[in-house]
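*Asks:* My structure is below; once you've seen it, I'll send some questions.
Rule-based calculations on the coordinates, nothing more; no lab input. This one's a predicted model, so the numbers in the text were calculated from it and none came from an experiment. Here the Cβ positions follow ideal geometry from the backbone for every residue, glycine too, while neighbour counts run over all protein chains shown.
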């Protein structure tokens, strides 16, 4: 296929315009999340990111009791949060005692322009020597769910 005179320049100009539009659109929303499913990014033993970081799938031993576990999450740019949930299962030393908590009222925050939010779970305090396993879920408007599971032991 042979281009007519001037068509080659037109193709170059169109390509350059396309590149400029793509660069502009990518710079308009730099804080937007690029993932396609919800992600629980960080979880802390305490009320903010200044608490003790908890590790997904792991056990963290702490020496100070806290009243709240705080989780941070992201959802995809094209979705919204449709639900959050949390629970904990606590087991005493030698597994002789235990308790379960389902958090029924969670006052989470969500900034839709950034696709980010915070989930506080309270009460979170536990007895010395007990291990509590926390489960946190975030569901988006496409019914995609991220689940985080981690444990805390309050050492004497």
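*Asks:* Over all pairs of distinct alpha carbons, what does the Kirkwood formula give as the hydrodynamic radius of region 23-156, in Å?
*Replies:* 15.6
*Asks:* If you don't mind, there's one more thing I want to ask. Full-extension gain between residue 61 and residue 143, please, as 0.36 nm times their residue separation minus the C-alpha to C-alpha distance. Could you put the intermediate results ahead of the total?
*Replies:* Values: separation 82, 0.36 × 82 = 29.52 nm, distance 3.37 nm.
So the chain would gain 26.1 nm between residue 61 and residue 143.
*Asks:* Given R₀ = 35 Å, FRET efficiency for residue 114-residue 94 by Cβ-Cβ distance, to 0.05?
*Replies:* Efficiency computed from Cβ-Cβ geometry: 0.15.
*Asks:* While we're on this one: Tell me, how many Å apart are the Cα centres for region 57-75 and for region 87-156?
*Replies:* A separation of 8 Å, based on Cα centres.
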